[in-house]
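Peer 1: Starting off with a structure, shown below.
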Amino acid sequence: MARKPQEDPKAEMTPMIDVVFQLMIFFIVTIKQEDIFSKLNANRPAPNASSSESVENDTQIKIDIGPGGMVFNGRGVSLRELDRNIKKLSATSKKATVLVRCTLDSPHMYLVQALDTCNKYGMYNLSIFSM
Amino acid sequence: MAKKPKNEDVSLDMTPMIDVVFQLIIFFVVTLKMSDDKDTTIKLEDGKYGITLTQDELPPSQLTIDVARNGRVSLSNMTLTDQMLAQKVKERKARYGADFPCMIRADYRTKHRDVARVMNICAACGVWKLSFVAVQEAKGSMSRHAGKK
């Protein structure tokens with residue numbers, strides 16, 4: 001790669017190419033940013049044990065999750081409607097236990113959305129059941 | 001930076017060597033970052049309001065269980081059977097107690113059946129406190145919304 005000295009009038013290209021490569025690699029590396037992740041905590045009661053913890057709070061909020069979406073109070077709700085309902089309920093008590101009951105064929109996204117909505121309004125007492 | 005090669009000095013021209021070394025250093029820095037032990041096929045649902053996860057601060061006791069779209073359960077890109085997963089969870093519990101951070105990274109399309117299976121294994125081992133990993137701020141490729149604005 002080291003060139004012999006020459007009396008050529010054209011400029012030496014090697015260092016420039018090197019620098020350009022360095023810059024290119026630098027930008028390729030920095031452009032690739034990482035996602036920022038969050039975690040949503042929830043409790044998983046043991047499969048066939050009646051959890052004594054959830055009985056302490058008499059106010060239980062139930063969110064059902066099916067293959068097509070979320071059901072709240074026996075009515076299918078969109079994420080926005082769920083958001084509104086949880087907001088209302090969180091105003092009275094943030095300590096209430098939220099039971100999220102999922103059917104086995106529901107996609108994971110609805111569960112995450114439901115947990116995220118509860119987190120949004122400070123309800124951290126979440127339990128997940130499977131049906 | 002470019003030395004004139006015309007001098008009759010005994011010392012070698014260092015510039016190309018330094019360039020190559022720089023290239024190598026950058027190469028290794030980049031590849032080290034890439035060999036993140038994750039199932040990269042997993043696309044996560046958004047979770048803007050969860051607790052922010054800072055990748056550097058994760059304690060060594062944490063366990064991140066990957067659940068792919070087709071239900072494949074893996075740890076650090078190693079596929080596990082249910083028995084092996086139970087074994088791993090038990091090991092963690094024996095070492096750090098039941099409160100170690102146990103996180104489930106499941107694809108947004110994963111059926112709850114597979115997630116429930118993992119949760120049941122953890123619960124059966126006495127680990128009830130689980131967390132789900134979601135994307136707080138999408139910048140990379142892990143979000144389900146990656147690539148579309």
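Peer 1: In segment B:28-149, how does Rg compare with the Kirkwood Rh, expressed as the Rg/Rh ratio over alpha carbon atoms?
Peer 2: On the Cα set of segment B:28-149, Rg over Rh gives 0.96.
Peer 1: Expressed as a fraction of 2.2 N^0.38 Å, the rule-of-thumb size for a compact globular protein of N residues, what is the C-alpha radius of gyration of segment A:53-130? Walk me through the numbers on the way to the answer.
Peer 2: On the way: Rg = 11.5 Å, N = 78, 2.2 N^0.38 = 11.5 Å.
Ratio of Rg to 2.2 N^0.38 Å for segment A:53-130: 1.00.
Peer 1: In nm, to one decimal, how far is the modelled label at B:Asp99 from the one at A:Ile25, with both set 7 Å along Cα→Cβ?
Peer 2: Simple spin-label model gives 4.6 nm for this pair.
Peer 1: Report, by chain and number, residues whose modeled amide H sits under 5 Å from the one on B:Val135, excluding near sequence neighbours (fewer than 5 apart, same chain).
Peer 2: Distant-sequence amide H within range of B:Val135: A:Ser38, B:Glu45, B:Asp46, B:Gly47.
Peer 1: Taking each residue of B:129-139 in turn, how many C-beta atoms of other protein chains fall within 10 Å of its C-beta, and what is the average?
Peer 2: Values: counts 4, 7, 6, 11, 5, 11, 5, 6, 6, 3, 5.
Rounded to a whole number, the mean comes out at 6.
Peer 1: Scan around B:Met142 for amide H atoms under 5 Å from its own, H built in the peptide plane at 1.01 Å from N, and keep only partners 5 or more places away or cross-chain.
Peer 2: A:Asp35
Peer 1: Would you mind checking the pairs A:Lys88/B:Lys129; A:Lys62/B:Lys111; A:Lys95/B:Lys90 and listing those with alpha carbons more than 25 angstrom apart?
Peer 2: Flagged as over cut-off: A:Lys88/B:Lys129; A:Lys95/B:Lys90.
Bear in mind that the values in this text are calculations on the coordinates, not laboratory data. Please read these numbers as outputs of a predicted model, since none were measured by experiment. Cβ atoms come from the backbone with ideal geometry, glycine included; neighbour counts cover every protein chain shown.
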